[in-house]
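The values are calculated or read from the model by the stated rules, or taken from the named source; none is laboratory data. Predicted model, so just to flag it, every value in this text is computed and none were measured. When we count neighbours, we look across all protein chains shown, and the Cβ atoms used for this are built from the backbone with ideal geometry, even at glycine.
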Ligand code: ZN
């Protein structure tokens, strides 16, 4: 049987007002402008569809491969490529938001999917805090705090550090804050309800808020800090360290030191090199590379000194 190809992808870059320059200075991406807030490393989303960089599928969009070569992805049932991997570099505070779950989105957003996401903290300031959860004890209290704009009472800020892993279930209030650089793995959906935007304006206008939807979908009381954040620095080397297994995705961290080989037994496996350099089955890779190992790829041979965040869909749901 012919070896299945590694699908190396060209990322799509998205400029954001709050974006920084670490995607260039730390990740070495060749991007001319400042304020590049997001690098969509593995995406088949209509707003940023990655193209295969080399090999027999060179030039193909990921969305096209998904449709025309389902065998590369284990012939799973999803209509669209189900995940999206981004690196986000923030030098400001993003709007405070919440995502609905599948059931709510299906009913209220024309059959859309809800959204779960998780973040691996690549870099942050020493005193970085992110917005995660809220302090309302009941839905009545939640509605009152939001309607009356009692933001300092409402918002829960939690300290984070490099190497933390954060799971953001649907219904969890969250916001990226100044200094955070994260690798995000998310369901490929974009239904976001904005709760508060610090009163900021864009082109002289405030962006629309989704107050009533937010009050309906926010989990009350919020999950505890411990249920959402776990430290993931200094994990064992040369193994798949599971960071999360939820109904939509599984995410692992791999610290390669020397060499590490394992069997690719997922429907497909997304990999992002977030530090160092080395090779994958003989192909040189370095920090900033994103690729997919297809279905029945066989043995994955990693060599070098590098940190990888890998992900896939949860096989039970595909
Ligand atoms: Zn979000």
**Message:** Which count do you get for residues in the range 226-240 that are surrounded by fewer than 14 Cβ atoms within 10 Å (Cβ to Cβ) and outside any loop (DSSP other than H, G, I, E, B)?
**Reply:** 4
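Which members of the range 35-62 meet the condition of being in a loop (DSSP other than H, G, I, E, B) and under 22 Å from the mean Cα position of the chain (by Cα)?
Answer for the range 35-62, where residues must be in a loop (DSSP other than H, G, I, E, B) and under 22 Å from the mean Cα position of the chain (by Cα): 35, 43, 46, 47, 50, 53.
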**Message:** All but one of (1) in contact with a helix residue (DSSP H, G or I) (Cβ under 8 Å, 6 or more places away or on another chain); (2) closer than 27 Å to residue 276 by Cα hold for residue 99; state the number of the condition that does not hold.
**Reply:** (2)
**Request:** Could you figure out which of (1) surrounded by fewer than 17 Cβ atoms within 10 Å (Cβ to Cβ); (2) away from the ligand (no atom under 15 Å from the Cβ); (3) at pLDDT below 95 isn't true of residue 19?
**Result:** (1)
**Request:** Within the range 65-113, count every residue that is away from the ligand (no atom under 16 Å from the Cβ), more than 17 Å from residue 190 (Cβ to Cβ) and not in a helix (DSSP H, G or I).
**Result:** 6
**Residue among 77, 89, 49 that alone is more than 24 Å from residue 180 (Cα to Cα) and in contact with a helix residue (DSSP H, G or I) (Cβ under 6 Å, 6 or more places away or on another chain)** = 49
